[in-house]
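The next block holds one structure in the form of structure tokens; read it before the comments.
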């Protein structure tokens, strides 16, 4: 009886551990203590969306068990982190209901889209694994774009979503960037991954990455700088630059190529920075293309850039680039 | 000599049989008598487009023989039903020529796009079979979008197509739905598959599905209800809802997942309804994205939803979901 | 020592040979003397963009060596011709800098996007080879669309690109085409491939194709005629038709299907012409879809059409169509 109980307890503990690991999976970290910091950072910013996000993890876990997903993939969070991102995105991006943020009706779209994102994850994984490509947060991007767009042209949506409005282009060619805006962009880019844009949360997130892997931290920082630099070259609006929305994809790309998928060496480092630059160019491309339909580019540049670079590096087994082998990605 | 003649006769009979089966293939039915009813339903509505559609089947059959498509795929109609849909769509959606519906010049685009849709079908099948995914009516969607869009921005098209105009969004948030509109939406959704929106045709089509398989009929009805319900949640215009254009993809998805691809059980039934709900969300997404270029979403939600759900269910062989094995899909 | 030197010399010669072969790879020609004529044609039109294009070849070659691309693919130019196209496109399509065409700063985007296009080429090749599909100039299309679009919605781009503006649709339905416009369209379509629209360059290009293969020349001419004919049927603006921008994809499709990928016979010839017609329809489709975001369709119709037809023909090994086997495509 004691055994049974301790077994039950360990199941519960393992579940909580996997929930914490899920938080790290958003940024290629697999570490419980980093997870605690990420959870804290989210909680500080917005309790409602974080709680819905936790529910999203739970539902993704349940769907994973129903669909027979290998326990490993559930335990390290790669199969469930999209559920978190989707549910908390839905909670944070729906328009307030009569001014009330804690709108209980949001439970329905949050759970619905969490389940969908988990199914899309499994579907994509089953195809992409043939070319050794991870689905990353492509399911999150697809699902949230469906959430936003499906209510964009209808008359009276029950769950109105906050469409992304592009700023009017200034006529003058005198866009300048203050140093503080650029520094803020580099620092705050991580906030777009966890959806929490206050200084404390951002500091906690950076610290969480650092304690998991100083190398990953460095590559992420380099990526953030590169993305911000390219955004300046592209001449994006200073107001947008400062939110970090132009550099978070570069951050993730640089971190994943240089600090996760490939063994670090000067070549892979240079390539990671190059990839980060291209991620920002893709962001600009999608920004322009999705403009007329008022949709954000979400994390699509991350997936597209990583897909190109991982496929190109895997094609002919160049000896300068050595891929880290994972059992599960 | 008698043998030879009876052989010739049986070839002709087999061809007619496969033509009738083709009509069922649009809605996952493989039954000659249902085919007769579907043909009747189409004939009642629009003789011209039905005749062009029959020609489309013939041409698709000929292309299939030229390209060496296995006889099985031709006989049960899966390789030819896109030809029917495309040709009859072209005939029905081109603007009348000096007010005349029976425009003989429409033969050219109808045959051209029928051939193209058959080639696209073969091309897609050769790729998608690697992941055990059917092409369904994706060739129809691609081909008809090409037909519509290629003439959308040109000055004086020879075959002007009827672009899809989105209704102006009402400013008031007082969109309400009469019970009759909702009932009509559920009932008429099948009319969008065969392109015939009169009561008699719709009744014939439902009966044809029922005599082929009461289970498929039930799942289709459930899908149509689900799609209509989600469309109400999305708040689409009542006028559009009543045409059934928001629920026919859900109908097909629910029918295919719950009544065709998977052995029916409470789990697959629940999943089919869930998939039907998502198909309507994808319809809303495409409606918003294709709005600026005045294109309809055709049957794209069917393919996208079925692709996600079939891939997800096939990924880890969950014991709750058992796929029906076909020699040919 | 003499051996060593002659070896070095032969390496340099081989490099120059592969540069010349690269020019032919744009139009399915693999011939040094044709390459000389193509180079001449480009030089006559625009020295700056040609020089940057040559640099693009060099950088693509270097990336190819770093990524361990098989020497064969580098030598016959299939791995490097996208580098040329991208670099010269960037040089030719960026807005003049204070009226100066020879803008040295354009080196940066030209080299950046050349590298990217080479990586995309390798990535696509590694996936598409599983279905025996060549990537053709899809990398060029993707990369240049990224170059154009990424600067389309930003406030003050450092390298402003020349977006493609669609002509206002005439209200009258009296678009007529002079015979000279149609003849010019057929003749000048090849100019869109090499980006040089003066008569001498165009003549040189046609001659270069002819000396490489009279069959290819004939099929290209047929394709150009077909594309122009379909464009007239679609009713495109006469001013656009005359530039050949509506027929160059058809030219390439007809040349590739009828004169390169398949053994010539009446069946493959008819199919090539049919494919050329469809390429123009896809061009019209993309023209309409990309209109709201002011992007050109580049060579996307070539890839899409060739993909459909190569896949369809390969699916069931019809005896009417025999594919030429290449070691490298």
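Tabulated results
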{"item": "Estimated [θ] at 222 nm from DSSP helical runs (n ≥ 4, -39500 (n - 2.57)) normalised by residues in the protein assembly as shown, nearest 500", "result": "-21000 deg cm²/dmol"}
{"item": "Shape of segment C:175-316, Cα gyration tensor, a/c cut at 1.5", "result": "oblate"}
{"item": "Relative contact order of segment A:104-240, pairs being alpha-carbon contacts under 8 Å that are 6 or more residues apart, as %", "result": "18"}
{"item": "Nearest-0.05 FRET efficiency for residue B:68 and residue A:127, computed from C-beta distance (R0 22 Å)", "result": "0.20"}
{"item": "Other copies of residue C:107: label-to-label distances in nm, shortest first, labels 7 Å along the beta-carbon direction", "result": "6.4, 6.4"}
{"item": "Copies compared at residue C:8 - label distances in nm, ascending, label defined 7 Å from Cα in the Cβ direction", "result": "8.1, 8.1"}
{"item": "With eigenvalues of the C-alpha gyration tensor scaled by 5 and rooted, chain A, Å", "result": "30, 26, 19"}
{"item": "Peptide C:235-246 - average C-beta neighbours from other chains (10 Å radius)", "result": "2"}
{"item": "Relative contact order of chain A, defined on C-alpha pairs under 8 angstrom at six or more residues apart (%)", "result": "17"}
{"item": "Distance between segment B:118-148 and segment B:213-278 - C-alpha centres, whole angstrom", "result": "22"}
{"item": "Label-to-label distance, nm, for residues given as residue B:319 and residue C:178 (7 Å Cα→Cβ offset)", "result": "7.9"}
{"item": "Sorted by Cβ density within 10 Å, fewest first, the residues C:264, B:246, A:102", "result": "A:102, C:264, B:246"}
{"item": "Nearest-to-axis residue of chain B, judged by beta-carbon position, where the axis maps B onto C, in Å", "result": "B:292, 3"}
{"item": "Normalised alpha carbon radius of gyration of segment B:50-155 [divisor 2.2 N^0.38 Å]", "result": "1.10"}
{"item": "Copy-to-copy label separations for residue A:62, where each label sits 7 Å from Cα toward Cβ, in nm and ascending", "result": "5.7, 5.7"}
{"item": "Cβ-based exposure ranking for C:226, A:305, in which fewest neighbours within 10 Å come first", "result": "C:226, A:305"}
{"item": "Exposure proxy ranking, count of Cβ atoms within 10 Å, fewest first, for A:289, A:322, B:281, C:12", "result": "C:12, A:322, A:289, B:281"}
{"item": "Viscosity 1.306 mPa s, 10 °C: Kirkwood-radius Stokes-Einstein D of the protein assembly as shown over Cα pairs, µm²/s", "result": "53"}
{"item": "Cβ-derived FRET efficiency at R0 45 Å, residue A:108 paired with residue B:43, nearest 0.05", "result": "0.55"}
{"item": "Stretch gain in nm, segment residue B:263-residue B:36, where the contour uses 0.36 nm per residue and the Cα spacing is subtracted", "result": "79.0 nm"}
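Laboratory data are not the source of any read-out in this text; all were calculated from the coordinates shown. The structure displayed is predicted, hence computed values, not measured ones. Cβ: placed from backbone, ideal geometry, glycine included. Neighbour counts: every protein chain shown.
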